[in-house]
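The block underneath contains the structure these notes are about, expressed in structure tokens.
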Amino acid sequence: MPTNVTAEYKKAEQAFRDAREPADRLQCLKEMLRTIPKHKGTEHLQRDIKTRIKQLTDELSAPRKSGARTGPSYSVRPEGAAQIALLGPPNSGKSQLHHIMTGARSEVGPYPFTTQLPLPGMMPFEDIYIQLIDLPPISEEFFEPWIVNSLQPADAALLIIDITNPECIDHIQHVISQLASKKISLKDRFEDSESDVSDEDMEFVDPFRIELPTILVANKIDLADSSEELDALNDLVSYSFPSIAISAQTGKNLDALSRMLFEKMKIVRVYTKVPGKSADTERPFTLIAGGTVADVARQVHKEFAQSFRFAKIWGEHVFDGQQVGPDHVLHDLDIVELHVK
Ligand SMILES: Nc1nc2c(ncn2[C@@H]2O[C@H](COP(=O)(O)OP(=O)(O)OP(=O)(O)O)[C@@H](O)[C@H]2O)c(=O)[nH]1
Ligand SMILES: [Mg+2]
């Protein structure tokens, strides 16, 4: 039987999903606990919320001590146009890929379990950056519990496998099941699924469930001779994830991979201009598909959204200098001139 929630709780829950800083998330969790209807049907969720509040409070109050049993959440503050988590079995080349794409010094080793902490890095794509987070491996026997926290702010994932490993297909399943046991599902679609939940708007959905759109990356293609390994590639077709075969060693197909990420994420670059001047083409603001003029206004200045009057836009989908309101949806490479009171 679905249990109905109040609009107040729903609002707090939405704010929690949108919050990216740990302190904001904590605030939202407290608001969720305050507004959740207190009855038998919500007991389980109340307990979950309390656990998260405790974890976050501990994390925020205590600086990380080495060897502490309950460590910090290991979540990395998002930067750039999107945050992408690198997932996969041991030794599949996650760190090698991270290093070659971002230049960050991920430790690469010819043995499993080399990576033990999340490591951020920025991958350039044309005039923007996408953040890649290198993570420890996930296998049938091994799963760092804190990876769950690391995945909270992620926008999508790359599931990296070693195509020369005869068990690489099983590895995919192990990663999927380990994550599923923690309410994290890897999904094959990048389209926003928010709209299909409108029917159950006022029903409880688990606020801690995470869905990560995922690209399957078949690595070490340089070692694959055209026989067995490529058969394995064909088996991958049974997974419906978008996929690509690369070599993190030789660099083969890496440009295609970053373009695929950019396109799948539907990242929108917006250039701003001041009236009477030409656009600032140096540094675009970035939005995820569906982002509006108001979203850009907020990035330009926190209070901009309040003083906003209208915007003029140049781009492929508008007349030159077309006047629009805050809800106008922007497209990649649009130029926006904000007018304020
Ligand atoms: N030939 C070849 N070797 C690769 C490729 N990518 C990674 N390797 C090698 O594979 C080994 C494992 O690479 P890592 O990047 O450390 O793998 P990982 O997935 O980060 O491993 P863990 O941190 O243990 O999960 C290293 O010896 C790399 O040099 C590739 O595309 N081709
Ligand atoms: Mg590694």
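The values are calculated or read from the model by the stated rules, or taken from the named source; none is laboratory data. Here the structure is a predicted model, which is why all the values come from computation and not from measurement. FYI the Cβ positions are ideal-geometry reconstructions off the backbone, even for glycines, and counts take in every protein chain you see.
In the range 119-138, which residue that is of a type in the set (A, V, I, L, M) and within 17 Å of GLY93 (Cα to Cα) is farthest from ligand 1 (Cβ to nearest atom)? Across the range 119-138, the extreme among qualifying residues is MET123. Only one of the numbered conditions (1) acidic (Asp, Glu); (2) surrounded by fewer than 14 Cβ atoms within 10 Å (Cβ to Cβ); (3) closer than 20 Å to PHE125 by Cβ is violated by ASP320, and that is (3). Just so you know, in the range 112-133 the residues that are within 10 Å of ligand 2 (Cβ to nearest atom) and over 24 Å from ARG52 (Cα atoms) include one that is surrounded by the most Cβ atoms within 10 Å (Cβ to Cβ), and it is THR115. Taking (1) farther than 21 Å from MET265 by Cα; (2) crowded, with 18+ Cβ neighbours inside 10 Å; (3) modelled with pLDDT of 90 or more; (4) more than 10 Å from ligand 2 (Cβ to nearest atom) in turn, VAL148 satisfies each apart from (3). The single condition among (1) more than 9 Å from ligand 1 (Cβ to nearest atom); (2) closer than 24 Å to ARG20 by Cβ that SER106 does not satisfy is (1). Taking TYR271, is it in the same structural domain as ALA157 (by TED's automatic domain parsing), farther than 24 Å from GLY103 by Cβ and not aliphatic (A, V, I, L, M)? So TYR271 does not fit the description; no.
Please enumerate the residues belonging to the range 88-111 that are in contact with a Ser or Thr (Cβ under 9 Å, 6 or more places away or on another chain), part of a loop (DSSP other than H, G, I, E, B) and more than 9 Å from ligand 2 (Cβ to nearest atom). Correct list: PRO89 only. Would you mention how many residues in the range 35-62 are in contact with a helix residue (DSSP H, G or I) (Cβ under 8 Å, 6 or more places away or on another chain) and free of Cβ contacts under 8 Å to residues at least 12 places away in the same chain? Result for the range 35-62: 1. For first residues located in the range 161-181 and assigned by TED's automatic domain parsing to the domain that holds ASP134 and more than 15 Å from LEU151 (Cα to Cα), partners that are assigned to a helix (DSSP H, G or I) and small (Gly, Ala, Ser) and lie 6+ apart or on another chain with Cβ distances below 8 Å form the pairs ILE163/ALA232; PRO166/ALA232; CYS168/ALA232; ILE169/ALA232.
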